[in-house]
Amino acid sequence: MAGRIPLVLLACGSFNPITHQHMRLFELARDHMHQTGQFQVVGGIVSPVSDVYGKQGLAPALHRVAMARLALRNSDWVSVDDWESKQPDWTETVITMRHHYSQILKQDQKTWPKGATPPAGTPQLKLLCGADFLHAFQVPGLWKADHVTEVVGRFGLVCVSRGSLQPDRAVHQSDALSRHSSNIFLVREWVHNEISATEVRRALRRGLSVKYLLPDPVIDYIREHDLYTWESERKNEGAVLRPLAQQGAPPETLAD
Amino acid sequence: MENSYQTKVVLLACGSFNPITNMHLRMFELARDYLEDTGKYRVVKGIISPVGDGYKKKGLIEASHRIEMARLATESSDWVIVDPWEGQQAEWVETAKVVRHHYEELLAAEGSNDEVDTVKAGKKRRHEDREGCTHFHCVRTAGPAAGTGHRCRQRGDSDRKWRDVPQLKFLCGADVLESFGVPNLWKSEDITEIVGHYGMVCITRAGNDAWKVVHQSDKLWRHRKNIHLVKEWVSNDISATHLRRALRRGQSVRYLLPDPVVHYIQEHSLYSAESEEKNADVILAPLQKYSKGCS
């Protein structure tokens with residue numbers, strides 16, 4: 001892997017709760033980026049959104065972070081960062097990326113996450129997202145132009161497509177995205193695997209089994225704290241998503 | 001009312017399990033939720049029965065490995081177990097015979113002591129650190145010794161009587177239902193026995209028209225009341241074929257099957273381009289058998 005660019009993948013989202021599917025995205029993205037021959041993936045960061053995000057049925061960040069930590073406890077390269085979840089207001093994706101990139105540069109002086117040997121070259125940070133994220137760029141006025149330039153141009157996207165979504169088409173149809181298309185890596189997921197957190201919550205409040213859709217320790221944690229119920233699903237009902245109230249931008253890189 | 005009795009059910013899944021995936025394990029969870037939700041059944045056990053090497057399917061690795069992987073995968077379950085009997089037979093065993101074998105085992109167990117509880121207690125002993133019940137909003141009864149296993153809030157049960165011998169039902173995916181129509185793959189009387197006498201629970205994907213298969217087959221239609229079709233809303237299409245492909249290409253399969261199975265595969269370097277060539281030009285055992293014998 002000598003001469004490769006060290007790369008960290010960042011995923012932002014609700015993680016309400018984290019599922020096997022979220023973790024698969026990281027595995028798929030790493031395989032893909034290694035196959036390009038240009039990158040060495042040295043870390044992955046799961047960044048759960050803060051409570052002020054205001055999404056319906058959003059469990060407290062404290063729990064969402066704890067569950068993500070349990071789920072990734074056996075991963076030797078993906079970890080959970082609670083910085084975004086602790087911010088008093090909703091944080092724009094660009095801001096979160098800037099924060100993590102400065103952390104990475106700082107860390108680069110010392111050691112790499114989880115003890116990996118530091119590779120040569122300046123590390124990069126890319127946003128890991130689902131295909132639905134790209135489609136948001138097609139909606140006029142949702143994204144600030146300079147934010148697009150920074151997220152896609154300066155950092156870059158690794159986008160895993162699921163189901164019938166066509167990420168390449170979304171790139172083609174957006175001028176901003178196609179301008180930076182060399183910095184957008186599209187990963188095709190061949191296994192049709194749509195474990196959405198919405199479906200998981202639905203099954204949970206109906207008393208149905210969710211075993212094998214998310215790790216056992218997370219299931220135990222949910223049961224212990226009685227997390228996803230009819231009542232909790234009504235949380236933030238009818239509320240306007242914080243980012244929509246703020247600037248009208250679609251925030252989630254991993255829509256479930 | 002028929003609801004004054006709940007029938008005990010044991011679910012049996014036959015297949016290659018080459019290797020076992022989270023999707024195979026989900027089938028059991030979905031089937032149990034579905035059957036218990038009818039109010040008529042209580043699912044007391046799930047059995048995974050990997051096929052023997054005599055099946056001669058392409059890329060089928062040794063039964064000993066497949067059995068061990070299934071065992072590792074079910075370690076965290078308090079109701080699903082692996083039975084090595086079929087996998088250990090030298091010759092391929094017809095599925096109807098496997099079903100019969102397991103029913104006889106159930107009858108024998110009923111004669112002596114409660115086999116289900118023994119299995120459960122054995123698992124509990126191995127996993128004392130884990131909570132047994134995988135069901136949500138479940139009222140945990142008297143602790144690990146509670147022999148009847150988990151009981152759920154929505155099903156008041158203290159005054160119910162259980163029938164003594166459990167029913168054995170054949171658990172499968174929609175592909176098996178469809179395979180009933182493939183010439184020379186199944187003996188006609190075997191289908192009648194499995195579906196008519198025992199009954200089947202078939203997991204179908206949203207959008208898959210399994211009822212159409214039943215409708216278009218007179219034999220299946222006759223036994224439609226013994227066929228339970230369970231819709232899987234979360235599409236979770238992890239095929240073992242895809243997994244093997246990813247494995248021999250060195251791609252990650254993590255989170256598609258339980259971690260202990262991933263480690264086992266790595267440790268024994270199980271799925272390679274070479275292993276995929278196994279039985280490459282061999283005719284599948286049932287096809288060999290039935291295309292010769294009957295016509």
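Please specify each residue of region B:171-207 satisfying the condition of being closer than 20 Å to residue B:35 by Cα and either charged (D, E, K, R) or open to solvent by 40 Å² or more (accessible area, probe 1.4 Å) (or both). Across region B:171-207, the qualifying residues are B:197, B:205, B:206.
Being assigned to a helix (DSSP H, G or I) and hydrophobic (A, V, I, L, M, F, W, C) is the filter; apply it to region A:13-58 and report the residue that is surrounded by the fewest Cβ atoms within 10 Å (Cβ to Cβ). Filtering region A:13-58 for residues that are assigned to a helix (DSSP H, G or I) and hydrophobic (A, V, I, L, M, F, W, C), the one surrounded by the fewest Cβ atoms within 10 Å (Cβ to Cβ) comes out as A:52. Somewhere in region A:173-185, is a residue within 11 Å of chain B (Cβ to nearest Cβ) and open to solvent by less than 10 Å² (accessible area, probe 1.4 Å)? No, region A:173-185 contains no residue that is within 11 Å of chain B (Cβ to nearest Cβ) and open to solvent by less than 10 Å² (accessible area, probe 1.4 Å). When region A:59-71 is examined, which residues are found to be open to solvent by less than 40 Å² (accessible area, probe 1.4 Å) and over 14 Å from the mean Cα position of the chain (by Cα)? Correct list: A:59, A:61, A:63, A:66, A:67, A:71. Reported count of residues in region B:30-72, each being closer than 24 Å to residue B:225 by Cβ and within 14 Å of another protein chain (Cβ to nearest Cβ), is 12. Annotation for region B:275-291: no member residue is at pLDDT below 85, within 14 Å of chain A (Cβ to nearest Cβ) and open to solvent by 30 Å² or more (accessible area, probe 1.4 Å).
Hey, any hits in region A:19-42 for a residue that's more than 14 Å from chain B (Cβ to nearest Cβ) and within 17 Å of the chain's Cα centre (by Cα)? Yes: one or more hits. Of B:197, B:223, B:228, all but one fail to be within 18 Å of the chain's Cα centre (by Cα), at pLDDT 90 or above and either over 30 Å from residue B:69 (Cβ atoms) or within 11 Å of chain A (Cβ to nearest Cβ) (or both); the exception is B:197. Residues in region B:256-268 that are within 12 Å of chain A (Cβ to nearest Cβ) and free of Cβ contacts under 8 Å to residues at least 60 places away in the same chain were compared, and the one that is surrounded by the most Cβ atoms within 10 Å (Cβ to Cβ) is B:262.
Does region A:81-90 include one or more residues that are open to solvent by less than 50 Å² (accessible area, probe 1.4 Å), part of a strand (DSSP E or B) and among the small types (Gly, Ala, Ser)? The answer is no; no qualifying residue exists. For beta carbons closer than 7 Å, sequence separation of 6+ or different chains, a first residue in region A:215-230 that is facing another protein chain (nearest Cβ under 9 Å) and a second that is modelled with pLDDT of 95 or more and open to solvent by 40 Å² or more (accessible area, probe 1.4 Å), the qualifying pairs are A:215/A:70.
Looking across region B:1-29 at every residue that is open to solvent by 20 Å² or more (accessible area, probe 1.4 Å) and within 12 Å of another protein chain (Cβ to nearest Cβ), the one that is farthest from the chain's Cα centre (by Cα) is identified as B:23.
Tell me yes or no: at least one residue of region B:238-254 is open to solvent by less than 20 Å² (accessible area, probe 1.4 Å) and free of Cβ contacts under 8 Å to residues at least 24 places away in the same chain. Yes, region B:238-254 has at least one match.
The values are calculated or read from the model by the stated rules, or taken from the named source; none is laboratory data. None of these values were measured; they are calculated from a predicted model. In this analysis, Cβ positions are derived from the backbone assuming ideal geometry, glycine residues included, and neighbour counts consider all displayed protein chains. Note: accessible area is taken over every heavy atom of the protein model, side chains too, but ligands, DNA and RNA are not part of it. Shrake-Rupley method; radii C 1.70, N 1.55, O 1.52, S 1.80 Å.
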